[in-house]
Amino acid sequence: MLMSGKKHIFKMVPGQKVFNETRMRIFQDSVDGEELTWNSFDKIGFIPLDDEDDRVLDLPIKFCNAASDGPFTIVACIKENGKDLKKTSYRCDKEEGLITNCKFPVVPFRNAKLGYENNLHSFVYLNEKLMKISIDYEVLQPSDYITRHIYVFNAQPVEYKYVTWEESGDTYKYYFSDNQGNIIDSPDNQALQYIERHVKEEVIRDIISSKIPEDIILSKTFAKIFVEKTTHNQLETIANTLNSDQLQVFAESLTDNQFLALVDHLTDHQLQTLTHTLDPEKLRIIVPILNKDQITNLVKDLNLDQVKAIFPHFKMDQFMEAIKTISNDQFVELIKDASEEVINVIFGETMRSRLPVLVATLKGDQLHNLINKLDDKKLAIVARELTDDLIRFRWLLSF
């Protein structure tokens, strides 16, 4: 790591608390039997030794580990999301010892831009002690025939106290050091290369308030140009900062790729709120990636117009899940103008149980239109539901 440039030295202290939503516990044997809290961690806070230094460092908690080898491998990753720490597994390719080309484990698979899949550990404070944490696997054998592998955190105490950011021209590096900026040569320095540099909030506020007129900041043109330059890391910050109304306005200006990146960082509540307000083009992007629980929560609150707008974007498994959840009013609104293909797909036990409501609600031409889309087998099912209104049924068939 030969390099000689300007050095900025920071003391490490416990910083922002991050809650462990993964529910993974700490493998206690990794810390000499010391009992450690596992429901929350403290991120590293960086205090510049130079009081006039406007730079702010942030080391995001994000690291992975692969469970198995082969051309495809399941990679478990830990990453902070706002004030929470969450675990997600990905299916990745393995090339020349590196994990690459990761995808979200949903059908159909879609690309995941991680950028940290080969980072095996990170650093946090536990009980005010600096720890190197990674993912490990605890083997449990509840019986002779069953073996289970449980994800756990491996925590190892480390003695580092300072981090130095060294600049030389357009290049820079981070490393553990003493308070004079002398490097501590260690493989652990590799994890520090994920540090993000910022400036203090008050510096940005001063620049904006003093150099950019308010009418420019509030203009749509300013927002459009800002969005064009927004990175994936900034999108994550935005997702954790904006309220629902702000998020809706912001999402409308994003490119398709930016919008997908933003969606990955949204909470279920944000996702549900956003889906209710999006235009058809954004719905086309967001709806196919919703999981079962998100679909269930989403359709409960849809009004009748939203039912018609959103259902064409569902994949078949999502469609069937939604059909189980929607109300009778929503079901009638969806089915009355549905295509023959859609009707034949869902005309099973789910639809059969709703037939009395459907038939009682649809009138005249709408019911006649439905009848014309049914084959003989399905027509017989409808006929059985209409036994108390046989005259009406014969009238429909006479058209």
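Please treat every number below as a calculation from the coordinates, not as lab data. Given the structure is predicted, the values throughout are model-derived calculations rather than measurements. Counting neighbours? That spans all protein chains shown, and the Cβs are built from the backbone with ideal geometry, glycine included.
Overview of results
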{"quantity": "Extension gain, Glu252 back to Lys129 (0.36 nm per residue minus Cα-Cα distance, nm)", "calculated": "39.9 nm"}
{"quantity": "Whole-Hz ³J(HN,Hα) from phi, Karplus 6.51 cos²θ - 1.76 cosθ + 1.60, for segment 165-172, glycine and proline x", "calculated": "9, 10, 10, 8, x, 8, 10, 7"}
{"quantity": "Approximate spin-label separation Gln180-Lys6, in nm, with each point projected 7 Å along Cα-to-Cβ", "calculated": "2.2 nm"}
{"quantity": "Low-density loop cleavage sites - GluC sites (Glu not before Pro) in segment 124-202, where at most 16 other Cβ are within 10 Å (DSSP)", "calculated": "Glu128, Glu159"}
{"quantity": "Sorted by Cβ density within 10 Å, fewest first, the residues Ser134, Ser143, Ser168", "calculated": "Ser143, Ser168, Ser134"}
{"quantity": "Segment 90-177: chymotrypsin sites (Phe, Trp or Tyr not before Pro) falling in loop per DSSP and having at most 15 other Cβ within 10 Å", "calculated": "Phe109, Tyr145"}
